[in-house]
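Working notes, beginning with the structure itself.
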Amino acid sequence: MLLAIDVGNSNIVLGVYEEKKLLTHWRILTQAERTADEYGVLIAQLAFSRGINCEKIDAIIVSCVVPPMITTIQELASNYFGISPLLVGPGVKTGMPIIYDNPKDVGTDRIVNAVAAYEKYHDVCIVIDFGTATTFDFISKKGEYLGGSIAPGLLISVEALFQRASKLPRVEVSKPKEVVGKNTVHSIQSGIFYGYVGLVDGIVHRIQKENRVRARVVATGGLAKLIASESSVIEEVDELLTLDGLRIIYERNTAEDLEKRA
């Protein structure tokens, strides 16, 4: 079995695969101060609760955008699974050309998402990932990663508003019934929600206009469903896109290793 781990700035998403089938998945908080032992115990408990035998996990692949966490994840893989994990990064076969000024600058999660989306559609596409930051990634019809845009995440924007505007109340991020709010809470919700929908739709329209294409648009991440409910450009929400991308990259590297040994 394969354990896929996506370490983001806010959350760690884990999934257990048996060949191409996702058996189960979890989302936990990213806490860099946690030790490998703490993560090991937590994962063991999560696996036990879903009937997963950790002893059957014989491979691990990791995408990590939090550098201090890399050593922790390596220790976790070694101490609890006896495995040296495959870390997505330079030298790892993704099967996707990176057309970027410096390919090493692209976050591994963005590449993983792009690989999964192109494998799914085999066509020009845009991936929107609603994480700590909201990223827009553009993939060509030939399967090339062409770059994208990065915007502050919705929750970061909301937190900044509450911290800098002391008289404004902290509100739940949700879709309001009307754009024109009749009180402060509803007005804030309207500005946050519809303002972000406008940001998403606007950037996607500009990417398509600039490149003269009609791209498939897929969204992933914790707030994808919320924004997709009103967006005019998001065609599909795939919450497991990153995990699937990790599985695909693992398979490509495993196949390459077997070819070398043959």
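The values are calculated or read from the model by the stated rules, or taken from the named source; none is laboratory data. Keep in mind that what you see is a predicted model, and the values were worked out from it rather than measured. Quick reminder, even Gly has a Cβ in these numbers, built from the backbone with ideal geometry, and neighbours come from all protein chains shown.
Within the range 81-109, track down each residue that is part of a helix (DSSP H, G or I) and either farther than 19 Å from residue 135 by Cα or of a type in the set (A, V, I, L, M, F, W, C) (or both).
Listed by number, the list holds a single entry, 81.
Select from the range 177-190 the residues that are β-branched (Val, Ile, Thr) and in a helix (DSSP H, G or I) and write down the one among them that is farthest from residue 227 (Cα to Cα).
Applying the filter and picking the extreme gives 184.
Conditions tested, residue by residue: (1) assigned to a helix (DSSP H, G or I); (2) surrounded by 15 or more Cβ atoms within 10 Å (Cβ to Cβ); (3) at pLDDT below 90; (4) aliphatic (A, V, I, L, M).
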residue: 116; (1), (2), (3), (4): yes, yes, no, yes
residue: 120; (1), (2), (3), (4): yes, yes, no, no
residue: 146; (1), (2), (3), (4): no, yes, no, yes
residue: 149; (1), (2), (3), (4): no, yes, no, no
residue: 175; (1), (2), (3), (4): no, no, no, no
residue: 192; (1), (2), (3), (4): yes, yes, no, yes
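Residue 72 passes all but one of (1) surrounded by fewer than 16 Cβ atoms within 10 Å (Cβ to Cβ); (2) not in a loop (DSSP other than H, G, I, E, B); which number fails?
Condition (1) is where residue 72 drops out.
I'm checking my understanding of the structure. Among residues of the range 4-35 that are modelled with pLDDT under 95 and among the small types (Gly, Ala, Ser), which one is nearest to residue 243 (Cα to Cα)?
That would be 8.
Report yes if residue 127 is of a type in the set (Val, Ile, Thr), surrounded by 17 or more Cβ atoms within 10 Å (Cβ to Cβ) and touching a helix residue (DSSP H, G or I) at 6+ places or on another chain (Cβ under 8 Å), otherwise no.
Yes.
Across the range 157-173, what is the number of residues that are within 22 Å of the chain's Cα centre (by Cα) and either under 30 Å from residue 123 (Cα atoms) or in a loop (DSSP other than H, G, I, E, B) (or both)?
Residues that pass the stated criteria total 1.
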